[in-house]
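For reference, the structure is listed below as structure tokens.
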Amino acid sequence: MTVHRPIVVGIDGSQSSLQAVSWAALEAALRRAPLALVTTTFVPGVYGVPIGVPASFFEEVERDGKKRLTRAKDVATETAGLTLDIDTEL
């Protein structure tokens with residue numbers, strides 16, 4: 001059995017990153033490879049211990065990242081179908 005390495009695509013929620021997801025989903029389907037969708041969070045101005053920043057701020061940042069991943073996964077599924085193996089990483 002051949003093990004296929006995943007096709008990895010980074011997303012930031014922009015239209016162009018969703019177009020990249022669509023392309024990568026088709027490529028993964030053609031190669032019968034898994035698709036890995038990755039995004040990061042960015043907290044401007046916080047270095048070290050975030051004194052005075054409420055936990056809800058970080059929860060919102062994480063929630064936004066998860067929303068981007070959900071949207072990207074939906075685009076990949078719409079493009080290549082439900083049989084595509086999709087992994088997400090925040």
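Values computed for the structure shown
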{"item": "Conditions (1) without any contact (Cβ under 8 Å) to a residue 60 or more places away in the chain; (2) surrounded by 14 or more Cβ atoms within 10 Å (Cβ to Cβ); (3) part of a helix (DSSP H, G or I); number of the one not met by Gly13", "result": "(3)"}
{"item": "Residue within the range 9-32 that is touching a His at 6+ places or on another chain (Cβ under 7 Å) and either of a type in the set (Phe, Trp, Tyr) or at pLDDT 90 or above (or both) present", "result": "yes"}
{"item": "Failed item in (1) touching a residue at least 40 places away in the same chain (Cβ under 8 Å); (2) of a type in the set (Val, Ile, Thr); (3) not in a helix (DSSP H, G or I), with Val8 passing the rest", "result": "(1)"}
{"item": "Selection count, the range 65-89, where residues are under 11 Å from the mean Cα position of the chain (by Cα) and either loosely packed, with under 13 Cβ neighbours inside 10 Å or not aliphatic (A, V, I, L, M) (or both)", "result": "11"}
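The values are calculated or read from the model by the stated rules, or taken from the named source; none is laboratory data. It should be emphasised that the depicted structure is a prediction, and the values quoted were computed from it without experimental measurement. Here the Cβ is made from the backbone with ideal geometry for all residues, glycine too, and neighbour counts use every protein chain on show.
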